[in-house]
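**Student:** Shown below is the structure under consideration.
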Amino acid sequence: MTQEIQSSIPSAEPSTVTIEPGPHALPGDNARKVFIKTYGCQMNVYDSTRMADALSADGYVQTENVEEASLVLLNTCHIREKAADKVYSALGRLREMKKLRHAKGEEFMIGVAGCVAQAEGAEIVRREPGVDVVLGPQTYHRLPQALKQARTGKRVVDTEYAVEDKFEHLPDPTKTPGRKRAVTAFLTVQEGCDKFCTFCVVPYTRGSEVSRPLSQLITEAKRLVDSGVREITLLGQNVNAWHGEGPDGKEMGLGDLLYKLAEIDGLARLRYTTSHPRDMDDRLIEAHRDLRMLMPYLHLPVQAGSDRILKAMNRRHKAADYIALIERIRQARPDIALSGDFIVGFPGETDADFEDTMKLVETIGYAQAFSFKYSSRPGTPGADLPDHVAEDVKTERLARLQELLLKQQHDFARSLVGKTIDLLLEKPGRMPGQIIGRSPWLQSVNVDAKTSQIGDIIQVRITDVGPNSLFAEVAGS
Ligand code: SAH
Ligand code: SF4
Ligand code: F3S
């Protein structure tokens, strides 16, 4: 039977808009299958795995093949205009797929989660008639109920900031059937942002800063380790703003949390991302000094090197403060490598301002970095500033900056050739007998090893540098 999809949706309360429910059979082998496409940052990667956990309680298993899925979830990003545009073009393609699948009498549902869902909410179901559910980053634990409602023909938009703690409502992540055993895992410790950088949508899409309590984090970290995880990356939009209460009632910061997690038996490595320069306190720097298992790699975005632009961005520190901070961190942990984010062409950025960014990059020396053209985001203060920079100027500045950053990245990688490093063996490589491992500095390293060694940390000697990964041989071989 053919499912009619309404081509236009009335602008009435979207969660009560009805499309005709059909008697849809599930595809093939009875199991409900979900295909999840993740856009944006690591927070979304983590959220996608937790959505899969929530859905597993409903009988869903994850598939990498959209053709066999009965549910497609887009976990979206709103950070730049292009990121949001991608979602709408994907939804257009999915709408066509839905028509075909419904024509065959099969169930095919489309869900939109993440930051576009939060920012645009009901607008998505108005624009895209194929979408069944829209859930924000704080409500995805309600996904099974939303799908149930959608099966009755109601399209659901649920983007409120949930009063209940979503983490308390998600099943144990290590008990999800079919979940891949992983050696590395993300653990969200903090969500949201109170910094309000003038270019950024995150405070609006993810809400204000909330830290998860210590006991919850210790429990989740232990579960991950029990299931085979050796390296945990703590996540937050502003991860170093994490704060909590210790068992003795004392206030704790991210540094204290790292010391606590370092006590977990079987856990070999810790990382955290993304941090803000303003929240790098002494205790956190001490943790870098004292904890060998805290990897010597820090993503600490600065965005720009001109004090005038930093002020207009509301970063609330000067370039010199950042440089001094990095010096202190390097004193505490001399082998630390830095990573950063940069925006070129923020409104009002002159050639001289841009040169200050180039100078700062030269001064610091990054092992890795992400750089973007400024994208004006409606609703952020930056969008209303005068003197937006012409596109071709942004393009030219980005090219120059990226050339420098790429050179630094390559120089850093080359400096490792001949050195012996610890490598966490993570997964099979493309070639038989090859395993891909993770260096302390988050590089992928190819080495000949046995699959049974996955999860081990071995010593390897770096032999060569490829465009996206390094090559190594087992040390002493
Ligand atoms: N909380 C992190 C950043 C999260 S967003 C921090 O403060 O560092 C990730 C990166 O996207 C930012 O660091 C910034 O470089 C980039 N970004 C954010 N908004 C942007 C915009 N409007 N245009 C271009 N890049 C942007
Ligand atoms: Fe965005 Fe700034 Fe918050 Fe980072 S600190 S998420 S860039 S507002
Ligand atoms: Fe994008 Fe949201 Fe992350 S806007 S960068 S997915 S917090």
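The values are calculated or read from the model by the stated rules, or taken from the named source; none is laboratory data. From a predicted model like this one, the values you see are computed outputs, not experimental measurements. Because the Cβ atoms are built from the backbone with ideal geometry, glycine has one as well, and the counts that use them run over all protein chains shown. These area figures cover heavy atoms from the full protein model, side chains too; ligands, DNA and RNA do not enter into them. Shrake-Rupley method; radii C 1.70, N 1.55, O 1.52, S 1.80 Å.
**Student:** Tell me which strands (runs of 3 or more DSSP E) are completely within segment 161-264 and hold 3 or more residues being touching a Phe, Trp or Tyr at 6+ places or on another chain (Cβ under 9 Å) and away from ligand 2 (no atom under 16 Å from the Cβ), or say none if there are none.
**Tutor:** 184-188
**Student:** On to the next question. Which of (1) farther than 17 Å from Thr273 by Cα; (2) within 16 Å of ligand 1 (Cβ to nearest atom); (3) crowded, with 21+ Cβ neighbours inside 10 Å is the odd one out, the single condition Ser211 does not satisfy?
**Tutor:** Checking Ser211 against (1) farther than 17 Å from Thr273 by Cα; (2) within 16 Å of ligand 1 (Cβ to nearest atom); (3) crowded, with 21+ Cβ neighbours inside 10 Å, the one that fails is (1).
**Student:** While we're looking at this one, here's another question. Counting only residues that are surrounded by 19 or more Cβ atoms within 10 Å (Cβ to Cβ) and in contact (Cβ under 8 Å) with a residue 60 or more places away in the chain, how many does segment 87-100 have?
**Tutor:** 1
**Student:** Pick from Arg278, Arg330: which is open to solvent by 30 Å² or more (accessible area, probe 1.4 Å) and either β-branched (Val, Ile, Thr) or assigned by TED's automatic domain parsing to the domain that holds Val239 (or both)?
**Tutor:** Arg278
**Student:** Can you tell me which residue within segment 1-60, out of those that are at pLDDT below 55 and among the acidic types (Asp, Glu), is nearest to Ala83 (Cα to Cα)?
**Tutor:** Only one residue fits best here, namely Glu13.
**Student:** Still on this structure, please answer the following. Please indicate, with yes or no, whether at least one residue in segment 221-237 is under 18 Å from Asn44 (Cβ atoms), open to solvent by 30 Å² or more (accessible area, probe 1.4 Å) and under 17 Å from the mean Cα position of the chain (by Cα).
**Tutor:** There is at least one residue in segment 221-237 that is under 18 Å from Asn44 (Cβ atoms), open to solvent by 30 Å² or more (accessible area, probe 1.4 Å) and under 17 Å from the mean Cα position of the chain (by Cα).
**Student:** Further question on the same structure: State the number of residues belonging to segment 190-208 that are open to solvent by less than 20 Å² (accessible area, probe 1.4 Å) and without any contact (Cβ under 8 Å) to a residue 24 or more places away in the chain.
**Tutor:** Matching residues across segment 190-208 total 1.
**Student:** Quick check on my filter: what residues within segment 292-310 are of a type in the set (Ser, Thr, Tyr) and surrounded by 23 or more Cβ atoms within 10 Å (Cβ to Cβ)?
**Tutor:** Ser306 - this is the single residue of segment 292-310 that is of a type in the set (Ser, Thr, Tyr) and surrounded by 23 or more Cβ atoms within 10 Å (Cβ to Cβ).
**Student:** I would also like to ask the following. Write out, first by first residue and then by second, each pair whose Cβ atoms fall under 6 Å of each other, whose residues are 6+ apart or on separate chains, and whose first residue, in segment 267-289, is within 26 Å of Gly228 (Cβ to Cβ) while the second is within 16 Å of ligand 1 (Cβ to nearest atom) and among the aliphatic types (A, V, I, L, M).
**Tutor:** Tyr272/Leu234; Tyr272/Val239
**Student:** Touching a Gly at 6+ places or on another chain (Cβ under 8 Å) and in contact (Cβ under 8 Å) with a residue 24 or more places away in the chain, is that true of Thr357?
**Tutor:** It is true that Thr357 is touching a Gly at 6+ places or on another chain (Cβ under 8 Å) and in contact (Cβ under 8 Å) with a residue 24 or more places away in the chain.
**Student:** Next question. Quick test for you: out of Ala84, Ala52, Ala113, pick the one residue that is buried (at least 20 other Cβ atoms within 10 Å of the Cβ) and within 16 Å of ligand 2 (Cβ to nearest atom).
**Tutor:** Ala84
**Student:** Considering only segment 392-402, how many residues are within 13 Å of ligand 1 (Cβ to nearest atom) and either charged (D, E, K, R) or assigned by TED's automatic domain parsing to the domain that holds Thr273 (or both)?
**Tutor:** 2
**Student:** Follow-up. Conditions first: (1) of a type in the set (Lys, Arg); (2) open to solvent by 40 Å² or more (accessible area, probe 1.4 Å); (3) assigned to a loop (DSSP other than H, G, I, E, B). Lys427 passes all but one, so which condition is the exception?
**Tutor:** Going through (1) of a type in the set (Lys, Arg); (2) open to solvent by 40 Å² or more (accessible area, probe 1.4 Å); (3) assigned to a loop (DSSP other than H, G, I, E, B) one by one, Lys427 breaks only (3).
**Student:** Quick test for you: out of Arg397, Arg461, pick the one residue that is over 23 Å from the mean Cα position of the chain (by Cα) and open to solvent by 80 Å² or more (accessible area, probe 1.4 Å).
**Tutor:** The match here is Arg461.
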